[in-house]
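Below is one structure; the comments refer to it alone.
Every read-out reported here was derived from the displayed coordinates using simple, explicitly stated rules and does not represent laboratory data. Being a predicted model, the structure only gives us computed values, none of them experimental. Backbone-built Cβ (ideal geometry, glycine too); neighbour counts: all protein chains shown.
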Amino acid sequence: MRRLFFLLVFLATLALLSVVAVVALNIRGEDPLPADAAAPIAPIAPSAAQVERGRYLALAGNCAGCHTTRGGADYAGGVGIETPFGTVFSSNLTPDPQAGIGSWSAAHFWRAMHNGRSKDGRLLYPAFPYPNFTRVTREDSDALFAYLRSVPPAPTPNLAHKLRFPYDTQAALAVWRALSFTPGSFAADPARPAEWNRGAYLVEGLGHCIACHGTRNVLGATEEKLGLSGGLIPVENWYAPSLTSKREAGVADWNPHDIVALLKTGTSPRGSVMGPMADVVFRSTQYLDEADLQAMAVYLKGLPASEAAAPATAPIRRDARVMERGSKIYDQRCAYCHGDVGQGALGAYPPLAGNRAVLMASTANLIQVVRHGGFLPATAGNPRPYGMPPFNQALDDDEVAAVLTFVRGAWGNDAPAVGGREMLRR
């Protein structure tokens, strides 16, 4: 009996210590709010320069992409962000006093950006990428807040998240944060030039590139130690390729001018963007100034190289019947634009022979493009881009797999076939 008692006491003590640890880890790095933070917000008169800076930073962070619905008021929220745990809806960032952040202070906004905590103290879900925004400076946070206070208020009510239990509880979120989130700040590398540090600040902070281009663990947290090593975007089934591998989307051997062109226009002599990245260029990077784009290019070129995507050494076996079937589909559906030998057409249709997007280990993006089409963003530098129509209504899964298997094995390409299991996942 005594042994059972001591066991229960031990377990209770362990549980209490765990709760204390989770609470402590969730308040680490938090600055106390000013004593008057709860008082009614007095009208503020930020300078025009601060508001303009905030507008630019909002573009750099692609804030409208998640906080503006199609046809809805700017920054009024309501965009559903699908996750493996359910749907998180973005919040209203307009200065409406009830639905938006009209009753917030700059200190409240800073706490949300830096610590992932709302005005009332609730923990925010990391679909709002505060694990990256925590690196944003207080000066930039205040400029963003000044800009958001300048947009027209919209009384659009916030929508309740649709998350499965226990992910819909603050307790579960607190445990996640204790394991996966540490407030921080951007620390410039004194051994690097100012341009590189500016690029690092944009890519790691407001740009939150790792949110798509990073690997996630079973809890949905990005693996910071792996950096921009690529990952499947949850639910969307697009693969954000590694920015550290020359076999995927690494740009170490690119001319910086080509990187800038890609971020500015969506296309360059070395490649083009489609899928979620097309939206990033359309809503965000095309509006950044040349100096910031150049800084991002310098940073991306300097990323440590990864060898994770080394090719297989064993010979690849190909089913002759599948290759023949794929060849016929290609001749009927694809050759007119991409050429008889996958050579493409300069400035219009990308070549498929030797194209690393075709040869990547992940076939997710190829399947998405064939099924649903591939469209570049319309930008000031490329206002009428060419696009690829969807073939979802014309080709069944076996036919999509066959034509992709052919493309990945023709004209000197030597990538594995596309199988039925990959089709089921998409």
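Quick look at the values:
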quantity: Quotient of Cα Rg and 2.2 N^0.38 Å for region 225-320, N being how many residues it contains; calculated: 1.22
quantity: Which of D120, D398 has the fewest Cβ neighbours within 10 Å, and the rest in rising order; calculated: D120, D398
quantity: Cα-projected label distance for D319 with T137, points at 7 Å along beta-carbon direction, nm; calculated: 5.8
quantity: For region 405-414, Karplus couplings with θ = phi - 60° (6.51, -1.76, 1.60), whole Hz, Gly/Pro x; calculated: 4, 5, 4, 6, x, 10, 6, x, 5, 9
quantity: Global geometry of the chain, whether rounded, prolate or oblate, following the gyration tensor of its Cα atoms and the 1.5 cut on a/c; calculated: prolate
quantity: Ascending count of other beta-carbon atoms within 10 Å, so fewest first, for M274, M113, M388; calculated: M388, M274, M113
quantity: Two-site FRET efficiency, A48 against A291, from Cβ-Cβ distance with R₀ of 22 Å, rounded to 0.05; calculated: 0.55
quantity: Cα gyration tensor shape of region 129-258, rounded if a/c is under 1.5, else prolate or oblate by comparing a/b with b/c; calculated: oblate
quantity: Normalised contact order of the chain, rounded percent, pairs of Cα under 8 Å and 6 or more residues apart; calculated: 13
quantity: Length added when fully stretched, D258-L179, from 0.36 nm per residue minus Cα-Cα; calculated: 24.5 nm
quantity: 26 Å Cα-Cα reach of K162 towards lysines, excluding residues that sit fewer than 8 places from it in its own chain; calculated: K119
quantity: Distant-in-sequence amide H partners of T68 (H built 1.01 Å from N, under 5 Å); calculated: Y75, G77
quantity: Size-normalised alpha-carbon gyration radius of region 332-413, reference 2.2 N^0.38 Å; calculated: 1.09
quantity: For the chain, calculated [θ]222 nm from helices alone, where every DSSP H run of n ≥ 4 adds -39500 (n - 2.57); calculated: -11500 deg cm²/dmol
quantity: Hits among aspartates and glutamates - C-alpha to C-alpha of K328 under 15 Å, sequence gap 8 or more where chains match; calculated: D319, D340, D396, D398, E399
quantity: Vicinal HN-Hα couplings computed from phi for region 110-123 (Karplus, 6.51 cos²θ - 1.76 cosθ + 1.60; Hz; Gly/Pro x); calculated: 4, 5, 5, 5, 8, 10, x, 10, 6, 4, 7, x, 5, 6
quantity: Straight-distance crosslink candidates among lysines, where the alpha carbon sits under 26 Å from K264 and sequence neighbours closer than 8 are dropped; calculated: K246, K301
quantity: Gained length - N158 relative to D189, 0.36 nm times residue gap less alpha-carbon distance; calculated: 7.2 nm
